[in-house]
Amino acid sequence: MNRNPPDLVYLSRIRTHAMNQYFTALINQRTSRRTFRPGKLPGHLTEAVSQLLAAHGTGPLGTLIPFRLIDRQDLDNQQLKLGTYGFIQGARYFIAGFVAPASTAFLDYGYCLERIILELTGLGLGTCWLGGTFDRGEFSKAMRLPENQTIPAVTPVGYPTSLRGLGDRIIRLSAGSANRLSWKNLFFEHDTGHPLDPAHSAAHHDQLEAVRLAPSASNKQPWRIFLDQGQYHFSLCRTPGYRNKFLATDLQMVDIGIAMCHWDLAGSEKGLPTRWSVSKPAGFPDEPEYIITANTD
Ligand SMILES: Cc1cc2nc3c(=O)[nH]c(=O)nc-3n(C[C@H](O)[C@H](O)[C@H](O)COP(=O)(O)O)c2cc1C
């Protein structure tokens, strides 16, 4: 699997000649970038980013998400630290949005911001989901966060340095960011005792693989998918203690939203639309936690 930084010529070539694999290629290309070249982005690029934020601000479950591009050099933000506890170096711009805390809103937030992140990857820009290591107080001020709303996660955006900084490399090593679980640990038929036979889901192979490659908080990869009578039930294998670590947000629900986004994008490239529904099948176990069903017929 090619995990090098995006090559613009390569990406524009596939966008022109093979639109039907554009997002699959971006899903393969994207990695978290934590070191950025300082400096202003050209106006046409900040304009393009703003357009993306406006275009992808509604999730599949209907949540409207006001996303904003924050320039830390803007007058209003200059007093703010917009800190990332040293995890991000050199970033001038961040993207943040907010929602009223609810499971569906966290799913939609993951879905929409991942869609934006993949588009930014296509523009040659670097990003990094940040759900834990950003100063919520400062970002809330920059966003003028309304009461009873929360910022589930943010991302820096900018040109990444060609070499990763030492901090980035250490974080990647400790999270095992280059690794993903195998199919037999993630995808099942009926129950976890029966790993999915790929022959039974041949038409949806690329969608499952796109889910497998998705980014997740601390690379926990908490999604589990169960095939049953043509329906793919997405469920969440929660990491013990994780929910209470970040009270303002449900990062593992955001992870499921990201997985849904990858599923939909890979499906759209194959002409396989999905209808999402929330209806826990009778007899579905309590663990992993049922979240949503992808109806593919
Ligand atoms: C919802 C979410 C929250 C994350 N929060 C952080 C964070 O607070 N700090 C950080 O350095 N990385 C964070 N990450 C990045 C993950 O560590 C990274 O996606 C994972 O290790 C896989 O690496 P990759 O993105 O390079 O494929 C987050 C990722 C997701 C999806």
Worksheet item: If you bin the C-alpha pair distances of segment 8-172 every 5 Å from 0, what whole percents do you get?
Response: 1, 9, 17, 21, 22, 16, 9, 4, 1, 0
Worksheet item: With contacts defined as alpha carbon pairs under 8 Å and 6 or more residues apart, what's the relative contact order of segment 66-170 in percent?
Response: 39
Response to the item:
Quick tally, 1.4 Å probe accessible area for Ser103, Ser201, sorted with the most first, runs Ser103, Ser201
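What net charge is computed for the residues neighbouring Asp135, neighbours being all others with C-beta under 11 Å from the C-beta of Asp135, Lys and Arg scored +1, Asp and Glu -1? Write out the running numbers ahead of the final one.
On the way: positive: Lys81, Arg136, Lys141; negative: Glu138.
Once all neighbours under 11 Å are counted, the net charge is +2.
What translational diffusion coefficient, in µm²/s and rounded to a whole number, does the Stokes-Einstein relation yield for segment 195-241 at 20 °C and a viscosity of 1.002 mPa s, taking the hydrodynamic radius as the Kirkwood radius over Cα pairs? Don't skip to the end; give the middle numbers.
Working: Rh = 11.8 Å.
For the chosen part, D equals 181 µm²/s.
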Worksheet item: Got the relative contact order for segment 37-108 handy, in percent, Cα pairs under 8 Å and 6 or more residues apart?
Response: 39
Worksheet item: To the nearest 10 Å², what's Asp250's accessible area with a 1.4 Å probe?
Response: 10
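Cα gyration tensor of segment 76-198, axes a ≥ b ≥ c as square roots of the eigenvalues: rounded (a/c below 1.5), prolate (a/b > b/c) or oblate? Could you put the intermediate results ahead of the total?
On the way: a/c = 2.24, a/b = 1.41, b/c = 1.60.
Cα axes put segment 76-198 in the oblate bin.
So what is the relative contact order of the chain, in percent, for Cα pairs below 8 Å that sit 6 or more residues apart? Please list the in-between numbers first.
Values: 524 pairs, mean separation 59.7, N = 297.
The normalised contact order for the chain reaches 20 percent.
Taking a quarter of the surface of the Cα convex hull of segment 39-108, what do you get in nm²? Walk me through the numbers on the way to the answer.
Numbers: hull surface 23.7 nm².
About 5.9 nm², averaged over all directions.
What is the magnitude of the charge dipole of segment 183-295 about its Cα centre, with +1 placed on the Cβ of each Lys and Arg, -1 on the Cβ of each Asp and Glu, and no other charges, expressed in debye to the nearest 20? Mind showing how you got there, number by number?
Numbers: 10 positive and 13 negative charges, 61 e Å.
Roughly 300 debye, rounded to the nearest 20.
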Worksheet entry | Label zone at Leu166, where the point sits 7 Å out along the Cα-to-Cβ direction: segment 20-35 residues whose backbone N lies under 19 Å | 34-35
Fill in: Alpha carbon convex hull of segment 183-295, volume per residue in cubic angstrom
102
Fill in: Net charge contributed by nearby residues that have their C-beta within less than 12 Å of His200 (K/R +1, D/E -1)
-3
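Antiparallel DSSP bridges in segment 157-296: what percent, to the nearest 5? Write out the running numbers ahead of the final one.
Working: 17 of 20 bridges.
If I count the DSSP bridges inside segment 157-296, around 85 percent turn out antiparallel.
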Worksheet item: So for segment 8-172, taking the charge dipole from beta-carbon charges (+1 Lys/Arg, -1 Asp/Glu), which of Thr46, Gln149, Ser103 sits furthest toward the positive end?
Response: Thr46
Fill in: Count of lysine pairs in the chain with Cα separation under 20 Å (8 or more residues apart, or interchain)
4
Worksheet item: Expressed as a whole number of Å, what is the distance separating the alpha-carbon centroids of segment 40-89 and segment 135-154?
Response: 12
Response to the item:
Taking the square root of 5λ for each eigenvalue of the C-alpha gyration tensor of the chain, the equivalent ellipsoid has semi-axes, largest first and in whole angstrom, of 31, 22, 18
Discussion item. Eigenvalues of the Cα gyration tensor times 5, then square-rooted: what semi-axes does that give for segment 25-74, in whole angstrom, largest first?
Written reply: 22, 18, 11
Item to complete: Could you pull the Rg and Dmax for segment 120-255, using just the Cα atoms, both in Å?
Response: 17.7, 51
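The values are calculated or read from the model by the stated rules, or taken from the named source; none is laboratory data. None of these values were measured; they are calculated from a predicted model. Counting neighbours? That spans all protein chains shown, and the Cβs are built from the backbone with ideal geometry, glycine included. Side chains included, ligands, DNA and RNA excluded: accessible areas come from the protein's heavy atoms. Shrake-Rupley method; radii C 1.70, N 1.55, O 1.52, S 1.80 Å.
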